[in-house]
Amino acid sequence: MARSVLAWRWRRNPLRRRSDVFEAWAGLTTACVIALGAPAAGWAAGASVGSTLRETVRAEHAQRTQRPAVVLRAGPREVSDSDPETGQVREERRLAVVRWTADDGRSHTANVLISADRGKGDRISLWTDRAGRAPAPAPLDPGTADTHATLAGIGTFLAACVLGLMARQSLMWHLMRRRLAEWEREWAAAGQSWGRAGAGG
């Protein structure tokens with residue numbers, strides 16, 4: 001039954017209008033977009049973002065290095081590293097003065113954030129530039145890069161699905177307005193013939 005209901009739009013019959021054919025093609029196109037186009041777009045976006053982020057990971061790891069450092073002074077536990085999206089505290093930190101040795105043998109000091117369970121005299125690992133002259137942020141983690149690439153692919157897939165459905169719905173509204181206008185014209189024409197001789201009234 002369902003197959004016959006869907007197939008009548010494709011078969012030639014007196015009740016089929018041109019808008020029915022457009023509607024059938026719109027449904028088929030939307031199905032193809034969701035089944036084929038959206039996954040392809042999601043995969044392409046994920047692969048592109050993943051390639052870019054992996055290059056970023058390689059570049060940052062090439063430009064930075066981890067060095068042993070010693071904590072000279074540690075401040076109170078007042079600084080916290082919070083997740084900007086949820087606001088939840090991921091790790092309590094404290095501001096400290098640390099000292100490390102660069103490639104040229106010179107000692108350097110700087111104010112950095114350390115874990116709250118670290119204090120004066122403790123040894124830590126510090127990210128610096130390649131030569132070891134200045135502190136640097138930790139490079140992007142490969143796992144984080146893969147996660148962002150996956151999310152980009154999923155987001156692109158969902159966006160393609162939504163755009164396909166919105167385009168189909170917009171076409172459906174346009175076709176419905178055309179059908180209503182056609183019905184009004186046909187009713188007006190039928191009303192003019194009522195009551196006339198030979199009109200069957």
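Once you list every other residue whose beta carbon is under 15 Å from the beta carbon of GLY153, what net charge do they have if Lys and Arg are +1 and Asp and Glu are -1?
Numbers: positive: ARG54; negative: ASP146.
Local net charge: 0.
Modelled label-to-label distance, ALA167 and SER107, 7 Å Cα→beta-carbon offset: nm?
Result: 6.7 nm between the two label points.
Just how many % of Cα pairs in region 93-173 lie over 14 Å apart, if you round to the nearest whole percent?
75
Contact order normalised by length for region 45-183, with contacts defined as Cα pairs under 8 Å and 6 or more residues apart; what percent is it? Walk me through the intermediate numbers first.
Numbers: 203 pairs, mean separation 40.9, N = 139.
That works out to 29 percent.
Just subtract the alpha-carbon distance of GLU92 and HIS174 from 0.36 nm times their residue separation and send over the number in nm, one decimal.
On the way: separation 82, 0.36 × 82 = 29.52 nm, distance 5.73 nm.
Gain on extension, GLU92 to HIS174, equals 23.8 nm.
Given the whole protein assembly as supplied and a 1.4 Å probe, what does the accessible area of ARG130 come to in Å², nearest 10?
130
What does the charge count around VAL49 come to, taking other residues whose C-beta lies under 13 Å from its C-beta (Lys +1, Arg +1, Asp -1, Glu -1)?
Numbers: positive: ARG54; negative: GLU55, ASP146.
Neighbour charge sum, excluding VAL49 itself: -1.
Taking only protein heavy atoms into account and a 1.4 Å probe, give the accessible area per residue of region 112-167 in Å².
Working: 3330 Å² over 56 residues.
Normalised by residue count, the accessible surface of region 112-167 is 60 Å².
The values are calculated or read from the model by the stated rules, or taken from the named source; none is laboratory data. Since the structure is predicted, the reported quantities are computational estimates derived from the model, not experimental observations. A quick note on method: Cβ atoms are made from the backbone with ideal geometry, for glycine too, and the neighbour counts reach across all protein chains shown. What goes into the accessible areas is simple: the full protein's heavy atoms, side chains included, and nothing from ligands, DNA or RNA. Shrake-Rupley method; radii C 1.70, N 1.55, O 1.52, S 1.80 Å.
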